[in-house]
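Structure record follows, encoded as structure tokens.
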Amino acid sequence: MTRFSDDLFVRNKREAELVDYAKRLAAEIDKTAAKYDELGEFPFEHFDLLERKGFFKLTVPRKYGGDEISLYEMLLIQEQMGKADASTALSVGWHLLTFLNVRETLSWPEEAFERICHAAVENGSLINILSTERGKGNLSRGGKPGTIARKTKGGYIITGEKAFASLAPILNHFSITAYIAEEDVTAEFLITKNEQVEVINTWNALGMRATGSHDIILHNVFVPESDLLAKLDASKPNRFLADGRVYSLEIPAVYLGIAGAPRDYAVDFAKNTYSHSLQDYISEAAHIRQKLGEIELLYQTARHLLYSIASRFEQDSSLKNELANDVNMAKHVICNNAVEIVAKAMRIVGGRSIAKGNKLERLFRDVQCAAFNPPPDDLIIEQLAASLLSKNVKEEINV
């Protein structure tokens, strides 16, 4: 059997080439990641590089000039990007995820989707989905958006505010959710930035400091009827809910990348740090080996979970709505494992790991943000419990 990589999860030549491509980009981005983290500024130069190297068209359909990579391939790429700079990886990941999601679910009118695809391929235009509002939270909690769409001649007038709008400094287009009061329905709209769209520089966070996740205020923005993308049925899962949508595995893939970076750092540190008290390298100390083994257990468990789900979906895409629990468990397990891995790596490296300028210090702050990406841990646990109880009831009825 031909081996294309030392990585067990790289299965063919195309995947090996994509991973190499991602590693080259990651190596360049890694050079300035710390600078943008310290400044809390958006890394425009990272995105200039990604545009030049065709990154923004990776998940765009081939018929519109994109590469149409698969979910599995996207996860491989994002894992590598997350190792270098989680802020860049997570923020650009929303763009990749949107095209992959819409191309597979066919949830937007084709004319609008084609227009956005060409913008990404020809102009390097990025897109993101903005659904979170201050005081309202994320739609995964089931609330109605405070952003209001009022019917007018030829379209809608939209007023409201969105928070945590990653990529805000660079977005020309983005989709939002708004409540149409006349119809008592929540809908998704495509917004094109203009003078009625205001970006408020609010993002100054502990971690993921370079995602540009500012607030965006919509001041009576006119949206043509053609840019009403979808009306959401509250009784059915939709693409804003991670529930059952395997495309959202992109989020834990980034945190898996964060986990891989301290793993590699700790191994290198242990193998190359000499202890005069031990009269040997610290990699020979029992307590160091214990921590390294624990890190590897957490890391490999996370990788197996992520890629097994993606592979299962790849083999049968009709399972996407049956993989809700698997997707949720992946987010919970991978992100929490990543938190533990960073902490254990810091114990190996010692006090220098908390110093500003040390990569582990940045990784520690970035990985804390996992708890605030959807879906939250408590909602995952509740959904697993509800699924288990429902399953048991059905089994009892059948008996």
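Key figures
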| item | result |
| --- | --- |
| When residues of the range 148-184 are limited to those that are under 14 Å from SER131 (Cβ atoms) and among the charged types (D, E, K, R), the one farthest from the chain's Cα centre (by Cα) | GLU161 |
| Test result for THR186, over 30 Å from ILE29 (Cβ atoms) and crowded, with 22+ Cβ neighbours inside 10 Å | yes |
| Any hit, the range 371-393, residues being over 21 Å from ALA324 (Cβ atoms), modelled with pLDDT of 95 or more and under 16 Å from the mean Cα position of the chain (by Cα) | no |
| Close pairs (6 angstrom Cβ cut-off, 6 or more residues apart or separate chains): on the phi > 0 side of the Ramachandran plot in the range 46-72, open to solvent by less than 20 Å² (accessible area, probe 1.4 Å) and of a type outside the set (Ser, Thr, Tyr) anywhere | GLU68/PRO61 |
| The range 136-160, subset under 20 Å from ASP233 (Cβ atoms), open to solvent by less than 50 Å² (accessible area, probe 1.4 Å) and in contact with a helix residue (DSSP H, G or I) (Cβ under 9 Å, 6 or more places away or on another chain), residue modelled with the lowest pLDDT | SER140 |
| Members of the range 259-286 that are touching a Leu at 6+ places or on another chain (Cβ under 7 Å) and of a type in the set (Val, Ile, Thr) | VAL267 |
| Residue count, the range 27-83 (criterion: open to solvent by 10 Å² or more (accessible area, probe 1.4 Å), closer than 19 Å to ASP264 by Cα and aliphatic (A, V, I, L, M)) | 2 |
| Residues satisfying the stated conditions in the range 112-129, i.e. in contact (Cβ under 8 Å) with a residue 60 or more places away in the chain, more than 16 Å from GLU51 (Cβ to Cβ) and within 23 Å of the chain's Cα centre (by Cα) | ILE129 |
| Pairs where the first residue, in the range 298-325, is farther than 26 Å from ALA345 by Cβ and the second is of a type in the set (Gly, Ala, Ser) and open to solvent by less than 20 Å² (accessible area, probe 1.4 Å), C-beta under 7 Å, 6+ apart | LYS320/GLY244; ASN321/GLY244; LEU323/GLY244; ALA324/GLY244 |
| Some residue of the range 335-346 being charged (D, E, K, R) and closer than 30 Å to THR273 by Cα | yes |
| Matching residues, the range 295-316, being surrounded by 12 or more Cβ atoms within 10 Å (Cβ to Cβ) and farther than 20 Å from LYS83 by Cβ | SER308, ILE309, SER311, ARG312, PHE313, GLU314 |
| Hey, LEU229 of a type in the set (A, V, I, L, M), buried (at least 18 other Cβ atoms within 10 Å of the Cβ) and touching a residue at least 12 places away in the same chain (Cβ under 8 Å) or not | yes |
| Enumeration of residues in the range 274-294 that are among the polar types (S, T, N, Q), open to solvent by less than 60 Å² (accessible area, probe 1.4 Å) and under 23 Å from GLY260 (Cβ atoms) | SER283 |
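Conditions tested, residue by residue: (1) within 30 Å of ALA310 (Cα to Cα); (2) at pLDDT below 95; (3) surrounded by fewer than 19 Cβ atoms within 10 Å (Cβ to Cβ).
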site: ALA210; (1), (2), (3): yes, no, no
site: VAL223; (1), (2), (3): no, no, no
site: ALA242; (1), (2), (3): yes, yes, no
site: ARG245; (1), (2), (3): yes, yes, no
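The values are calculated or read from the model by the stated rules, or taken from the named source; none is laboratory data. Only a predicted model underlies this, so the values are computations on that prediction, with no experimental measurement involved. Heads up, the Cβs are rebuilt from the backbone with ideal geometry, glycines too, and the neighbour counts pull from every protein chain shown. Side chains are part of the model used for accessible areas, which takes the heavy atoms of the whole protein and leaves out ligands, DNA and RNA. Shrake-Rupley method; radii C 1.70, N 1.55, O 1.52, S 1.80 Å.
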